[in-house]
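Everything below concerns the one structure shown next.
Every number here is computed from the coordinates shown, using simple stated rules; none is lab data. Not measured: the values here are computed from a predicted model. Heads up, the Cβs are rebuilt from the backbone with ideal geometry, glycines too, and the neighbour counts pull from every protein chain shown.
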Amino acid sequence: MISVKEKVDHSMQFLQEVWAELRKVVWPSWAETRAATIVVVVLVVFVSLFLGLVDFTLSQIVERLLAPRLS
């Protein structure tokens, strides 16, 4: 069984390793972050509009195909 001291030691070692790895990370600048965010938002809007149009078109086709049979 692992003692409390060993658990604390392992936890401290883990946190030290995490901190060391975080120092190696190359963080993006604010300009890069802003540019990437704009790209993501534009793509989400575009894909949403496209899927909405496809959904509307397919629902109209299905509705027209089934309408004569329902009445």
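Would you mind working out the magnitude of the charge dipole of the chain relative to its Cα centre, with +1 at each Lys and Arg C-beta and -1 at each Asp and Glu C-beta, to the nearest 20 Debye?
With only Lys, Arg, Asp and Glu charged at Cβ, the dipole is about 140 debye.
Using each residue's phi in the stretch 10-15, evaluate 6.51 cos²θ - 1.76 cosθ + 1.60 at θ = phi - 60° and report the 3J(HN,Hα) Karplus result to the nearest Hz, with x for Gly and Pro.
My calculation for the stretch 10-15 gives 5, 5, 5, 4, 4, 5 Hz in order.
Mean residue ellipticity at 222 nm from the helices of the chain, using -39,500 (n - 2.57) per DSSP H segment of n ≥ 4 over the full residue count, to the nearest 500 deg cm²/dmol?
-31500 deg cm²/dmol
Whole-Hz ³J(HN,Hα) for each residue in the stretch 36-45, computed from phi via Karplus 6.51 cos²θ - 1.76 cosθ + 1.60 with θ = phi - 60°, x for glycine and proline: what do you get?
Values per residue, Gly and Pro as x: 5, 5, 5, 4, 5, 5, 4, 5, 5, 5 Hz.
Once the piece of chain linking Val25 and Leu58 is laid out straight, how much longer is it, given 0.36 nm per residue of separation minus the C-alpha distance between them?
7.2 nm
Given the options Val4, Leu58, Val42, identify the residue whose Cα lies farthest towards the positive end of the charge dipole of the chain (+1 on Cβ of Lys, Arg; -1 on Cβ of Asp, Glu).
It is Leu58, whose Cα lies furthest towards the positive end.
Can you tell me the convex hull volume per residue for the chain, based on C-alpha atoms, in Å³ to the nearest whole number?
Expressed per residue, the convex hull around the Cα atoms of the chain is 201 Å³.
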